[in-house]
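Report on the following structure.
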Amino acid sequence: MPFAEVNGQHIRFDDTGGDGPPVVLSHGFLMDREMFAAQVEVLAPEFRVISWDERGFGETQFDGQPFTYWDSAQDCLGLLDHLGIERAVLGGMSQGGFLSLRAALLAPDRVSALVLIDTQSGVEDPERLPGYRQMQRPWLEAGPVDELAETIANLIIGDPVLNELWIGKWRELPRDSMRAPGDCLLDRDDITDRVGEISCPAIVFHGTADQSIELERAEDLCRRLPDCKGLVRIEGAPHASNLTHPDEVNGPLLEFLRAL
């Protein structure tokens with residue numbers, strides 16, 4: 001299993017290899033690199049696809065210390081260094097988008113394009129924030145008990161079969177491992193005013209049934225990105241639209257990447 005020592009973290013990643021243009025895929029909160037399986041399968045014949053587990057998730061071993069999405073962006077760039085990749089397309093779902101946007105601000109010369117899936121540039125809705133913090137507390141105390149796990153799975157995925165698969169993964173995570181990633185998510189900074197600095201081509205995907213980030217946030221993100229090639233609305237898709245509706249995502253994604 002490939003691991004990279006990056007910024008004091010033991011990062012698990014998969015790399016399809018090959019000579020195609022590199023594409024790095026960064027997962028959402030409570031997900032891991034396997035959420036991109038359908039995208040990797042479609043992209044791998046033409047592109048070198050790297051998917052990885054971010055701090056606190058999957059098989060990555062992290063130090064448990066507080067961190068921000070700026071640190072996660074540095075992890076992504078450090079993974080590029082480890083792999084000897086100078087420039088890549090960065091794709092991210094939800095928190096994967098948060099870190100990809102920040103990577104593009106930190107190192108614009110290293111990001112050839114952005115693929116942004118059910119994400120945004122701002123912070124959590126203040127009205128929702130107390131509810132999210134209430135979810136974090138029982139998780140830290142007792143883990144993803146049935147009712148809590150189902151509530152969160154429906155917010156992210158909303159498919160009974162996929163819900164059970166991912167809930168099973170959550171139950172394998174150490175309870176306390178959610179403290180730093182949860183704080184990172186809920187306390188993140190607002191980079192909306194800096195989105196206009198990102199000059200690389202971008203495409204935005206968003207599920208029309210996303211209950212975690214409203215479609216209006218995606219519309220605003222696309223308007224602010226100077227070279228946004230379009231917003232792809234995935235009809236009926238929840239927050240993890242690339243996981244639940246891969247066919248609707250993969251076609252426009254391939255078209256975008258081939259045109260770069």
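The values are calculated or read from the model by the stated rules, or taken from the named source; none is laboratory data. Since this is a predicted model, take the numbers as computed values, not measurements. Positions of Cβ are backbone-derived with ideal geometry, glycine not excepted, and every protein chain shown enters the neighbour counts. Accessible surface areas use protein heavy atoms only, side chains included; no ligands, DNA or RNA. Shrake-Rupley method; radii C 1.70, N 1.55, O 1.52, S 1.80 Å.
Worth pointing out:
- Paramagnetic label reach from ASP125 (point 7 Å along Cα→Cβ; backbone nitrogen cut-off under 16 Å): within segment 191-212, residues 207-212.
- Isolated Cys in the chain, by beta carbon distance under 4.7 Å: CYS76, CYS184, CYS200
- Net charge contributed by nearby residues that have their C-beta within less than 10 Å of SER94 (K/R +1, D/E -1): -2
- Expressed as a whole percent, the accessible area of the chain that falls on carbon and sulfur atoms is 49 (1.4 Å probe).
- Where a label projected 7 Å from the Cα of ASP109 along Cα→Cβ would reach, residues of segment 64-83 with amide N under 20 Å: 73-83
- Working from Cα pairs under 8 Å separated by at least six residues, relative contact order for the chain is 19 percent.
- Antiparallel DSSP beta bridges within the chain, percent to nearest 5: 25
- What the Cβ-Cβ distance of VAL161 and TYR132 gives, at R0 = 22 Å and to the nearest 0.05, is a FRET efficiency of 0.30.
- With Cα atoms defining each centre, segment 101-167 and segment 204-219 are spaced 13 Å apart in the structure.
- Basic side chains Lys and Arg get +1 at the Cβ, acidic Asp and Glu get -1 at the Cβ, and with that the dipole of segment 126-260 about its Cα centre reaches some 280 debye.
- The residues of segment 3-161 have, on average, 38 Å² of accessible surface per residue, using a 1.4 Å probe with all protein chains present.
- Normalised alpha carbon radius of gyration of the chain [divisor 2.2 N^0.38 Å]: 0.92
- Computed from Cα atoms alone, the Kirkwood hydrodynamic radius reported for segment 1-113 is 13.6 Å.
- Extension reserve of the ALA259-ASP183 stretch, reckoned as 0.36 nm per residue once the Cα distance is removed: 23.6 nm
- Rounded to the nearest 20 debye, dipole of the chain from Cβ charges on Lys, Arg, Asp, Glu: 340
- Remark: segment 1-141 carries a charge dipole of roughly 280 debye about the Cα centre, counting +1 on each Lys and Arg Cβ and -1 on each Asp and Glu Cβ.
- Selected from LEU254, SER241, LEU225, residue furthest toward positive end of dipole (segment 215-260; charges at beta carbon): LEU225
- Positive dipole terminus of the chain, leading residue within LEU116, LEU155, PHE57 (C-beta point charges): LEU116
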